1. Take residue 33 and decide whether it is in a helix (DSSP H, G or I), aliphatic (A, V, I, L, M), surrounded by 10 or more Cβ atoms within 10 Å (Cβ to Cβ) and at pLDDT 65 or above.
2. Within the stretch 69-83, can one find any residue that is closer than 17 Å to residue 101 by Cα, of a type outside the set (D, E, K, R), under 22 Å from the mean Cα position of the chain (by Cα) and surrounded by 13 or more Cβ atoms within 10 Å (Cβ to Cβ)?
3. When the stretch 46-59 is examined, which residues are found to be loosely packed, with under 11 Cβ neighbours inside 10 Å and not polar (S, T, N, Q)?
Amino acid sequence: MYLLTLAFAQSQTPGAAPAGGANFLVLFPMYLLIFLVFYFFLIRPQQKREQEKQSMISQLKKNDEVITSGGIHGTVVNVKEKTLVLRVDDNVKMEVEQSAVAVLKKAR
């Protein structure tokens with residue numbers, strides 16, 4: 001019984017106009033502000049990091065020391081179109097994707 005009374009109390013009177021337009025005008029700037037905060041604090045820095053990583057990968061050359069995303073330390077022996085050949089130890093070479101390079105330790 002209480003819920004029914006509460007429902008009638010919250011309903012609009014029959015002659016009143018809906019107030020949906022005013023709510024939108026109040027909420028729109030808030031949503032815009034939230035989007036701008038997400039853009040400047042999350043999306044834009046991620047794009048900058050990705051651009052810096054792509055730049056670093058494109059500048060890799062022979063004898064650069066790198067660390068892969070899997071934690072493998074190696075020296076670049078050969079740079080191919082999409083892959084790198086790394087010397088991990090004496091007489092041990094691995095071919096990895098260029099995108100697997102996480103850190104450029106030392107450029108020579």
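The values are calculated or read from the model by the stated rules, or taken from the named source; none is laboratory data. All of these numbers come straight from a predicted model, not from anything done at the bench. Using ideal geometry, Cβ is built from the backbone for each residue, glycine included, and neighbour counts are taken over all protein chains shown.
1. yes
2. no
3. 48, 49, 50, 52
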